[in-house]
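The values are calculated or read from the model by the stated rules, or taken from the named source; none is laboratory data. Values in this document were obtained by computation on a predicted structure and should not be read as measured data. Glycine also receives a Cβ, built like all others from the backbone with ideal geometry; neighbour counts cover every protein chain displayed.
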Amino acid sequence: MAITGTDARSRRHRRIRGRVVGSSERPRLSVARSNKRIYAQLIDDSTGRTLAAAGSHEADLRGLSKADAANAVGTRVAERGREAGVTRVVFDRAGYRYHGRVARLAEAAREGGLEF
């Protein structure tokens, strides 16, 4: 039985999550991507709480291109993270390559004030 792309990404994601753990001092910046949307969350794994979140599904981000939406989501999650008192995070790319929309979201979050 052949391994599909989704199965391969799931395996990579499990392997990454074995190493990348968010804490209250450095929450995990988790990225989720679909063909149409992109989402980001700041997660404290010690308590299992989401501290801040943003996604391209939000009303004012709907008309943007996918790349511009990734930039906007990165900036927005950084802004909401700073409001929650977060400045340092660990980046969880969720098995996606650090390329394209995932990289643009990460760069925008860095420019927005998050350190990783």
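Below are the figures for this structure:
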{"quantity": "Residue list for the stretch 13-31, filter: of a type in the set (S, T, N, Q) and part of a loop (DSSP other than H, G, I, E, B)", "calculated": "23, 24"}
{"quantity": "Among the residues listed as 93, 97, 104, 88, the single one being closer than 20 Å to residue 17 by Cα, basic (Lys, Arg) and touching a helix residue (DSSP H, G or I) at 6+ places or on another chain (Cβ under 7 Å)", "calculated": "93"}
{"quantity": "Residue that is farthest from residue 41 (Cα to Cα) [pool: residues in the stretch 1-17 that are surrounded by fewer than 14 Cβ atoms within 10 Å (Cβ to Cβ) and modelled with pLDDT of 90 or more]", "calculated": "4"}
{"quantity": "Sole residue being touching a strand residue (DSSP E or B) at 6+ places or on another chain (Cβ under 9 Å) and small (Gly, Ala, Ser), chosen from 46, 10, 23", "calculated": "23"}
{"quantity": "Selection count, the stretch 48-70, where residues are surrounded by 18 or more Cβ atoms within 10 Å (Cβ to Cβ) and either part of a loop (DSSP other than H, G, I, E, B) or among the polar types (S, T, N, Q) (or both)", "calculated": "1"}
{"quantity": "Criterion (in contact with a Phe, Trp or Tyr (Cβ under 9 Å, 6 or more places away or on another chain), within 18 Å of residue 106 (Cα to Cα), buried (at least 21 other Cβ atoms within 10 Å of the Cβ) and not aromatic (Phe, Trp, Tyr)) met by exactly one of 90, 73, 86", "calculated": "73"}
{"quantity": "Residues located in the stretch 107-116, provided they are assigned to a helix (DSSP H, G or I) and touching a residue at least 40 places away in the same chain (Cβ under 8 Å)", "calculated": "109"}
{"quantity": "Among (1) more than 20 Å from residue 108 (Cβ to Cβ); (2) of a type in the set (Ser, Thr, Tyr); (3) in contact (Cβ under 8 Å) with a residue 40 or more places away in the chain - the single one residue 23 does not satisfy", "calculated": "(3)"}
{"quantity": "Complete set of residues in the stretch 93-116 that are surrounded by 15 or more Cβ atoms within 10 Å (Cβ to Cβ) and either under 10 Å from the mean Cα position of the chain (by Cα) or small (Gly, Ala, Ser) (or both)", "calculated": "93, 94, 95, 102, 103, 105, 106, 108, 109, 112"}
{"quantity": "Positions within the stretch 77-102 being part of a helix (DSSP H, G or I) and over 15 Å from residue 32 (Cα atoms), in sequence order", "calculated": "78, 79, 80, 81, 82, 83"}
{"quantity": "Residue selected from the stretch 42-64 under the condition acidic (Asp, Glu) and farther than 17 Å from residue 83 by Cβ, by the criterion nearest to the chain's Cα centre (by Cα)", "calculated": "45"}
